[in-house]
Amino acid sequence: YKKITTKSLIDMKAHGEKISMLTAYDFTMAKIVDSAGIDVILVGDSASNVMAGHETTLPITLDQMIYHASSVVRGAERALVVVDLPFGSYQSDPKEALRSAIRIMKESGGHAVKLEGGKEIKESIKKILNAGIPVMGHLGLTPQSIYKFGTYTVRAKEEEEALKLIEDAKLLEKLGCFSLVLEKIPAKLAQQIAESISIPVIGIGAGSGVDGQVLVIHDMLGMNNEFSPRFLRRYMNLFEGMTSAISQYVSDVKSTDFPNEKEQY
Ligand code: KIV
Ligand code: NA
C-alpha cells in the first residue's frame, strides 16, 4: 500500500493483514511515526492528557484538536490520519456533529473522524457519513464517558453490557463506519465481535483476536512513567533516556563543558 485509505484497511482485514495504529499530536512525531511505516495515525483526544496534562479527555476543544490534527497531517505522507471528535462537539445533536466533523476535515486536512458511542449517536454518524466523511467507531471503555463509568477498569465483563456492545458494533458496521476501535474489553468478546463483522476492529487492551492494534505513542515509548496498565507494552524508556540526556546538558552548561571550541563561531 503506497498510501493508506479507508479502503486499504478493509482490504487488509479481508486478507488477514493486521493493522498498526498509533497516536500522534504534532508534526515531528507524525513524521517519525509515518516514516516507520504505521498504517493509521490517530490524532486522539488523549492529547488532552499527554499534551495538555488534563486528568481526562473532556476539556480538549474542537479548535485544539484541529491544531493538533493539522500539524499531524503536514507530517504524514503514507498513513491514514483519523481525528477524534472531542467531547461536546457531537453529542448534543446530529447537525452540530456534522458541523464539527466538517470543521475537522476542512481546517485540518485529516482523512476521517472518530466518535465514541453506538446507538446513542446513530443519527450523528449517519449525517457525517452522508456528507462523505469516513467514520471510525469507538466502543467499550470510551474515556469521554469516564464520569458515567466512574472507573477506568475493563468494560463489558457482564452479559448485559457485552450484548449491547455486540449490537452496537453491528450497528456501526451497518451504518457504514469503515472501522471500529474496541477499548479495554475481554479478549474473547473482542475476537467474537471482530469475527462477526466485516469492517476492521482495532483493539487497545482488547487482546490479539482483533484486526489491528492501537496504543498512545507516549505510553509505548515510555515517556509516561506512571501509567502501566496490563495491555501496555513499552518499547523504550524515553522518560529515563530523555531525563539523563537533559541532566547531562544541565551539568555540561554548569561546568562550561558546553559549548566547546568546535561548537562556536
Ligand atoms: O484518544 C486516543 O488516544 C484514543 C485511543 C486510545 C484509541 O482514542
Ligand atoms: Na480518543
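The values are calculated or read from the model by the stated rules, or taken from the named source; none is laboratory data. Please read all numbers here as calculations on a predicted model, not as lab measurements. Using ideal geometry, Cβ is built from the backbone for each residue, glycine included, and neighbour counts are taken over all protein chains shown.
Of note:
- Matching residues, the range 184-231, being away from ligand 1 (no atom under 11 Å from the Cβ), modelled with pLDDT of 95 or more and among the acidic types (D, E): E195, D211
- Test: residue in the range 124-141 that is within 13 Å of ligand 2 (Cβ to nearest atom), modelled with pLDDT of 95 or more and surrounded by fewer than 22 Cβ atoms within 10 Å (Cβ to Cβ): no
- Tabulated pairs, the range 164-192, first within 14 Å of E116 (Cα to Cα) and in contact (Cβ under 8 Å) with a residue 24 or more places away in the chain, second of a type in the set (F, W, Y) and surrounded by fewer than 23 Cβ atoms within 10 Å (Cβ to Cβ), C-beta under 8 angstrom, 6+ apart or interchain: K184/Y152; K184/F231
Residue-wise test of (1) under 17 Å from L180 (Cα atoms); (2) away from ligand 1 (no atom under 16 Å from the Cβ).
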residue	(1), (2)
A69	no, no
F87	no, no
A97	no, yes
K127	no, yes
V135	yes, no
L139	yes, no
T151	no, yes
R155	yes, no
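- Only helices (runs of 4 or more DSSP H) whose full extent lies in the range 145-249 are considered here, and the ones with at least 2 residues that are surrounded by 15 or more Cβ atoms within 10 Å (Cβ to Cβ) and of a type in the set (A, V, I, L, M, F, W, C) are 159-175, 187-196, 217-220.
- Once the range 100-120 is narrowed to residues that are among the aliphatic types (A, V, I, L, M) and surrounded by fewer than 22 Cβ atoms within 10 Å (Cβ to Cβ), the residue that is farthest from ligand 1 (Cβ to nearest atom) is I102.
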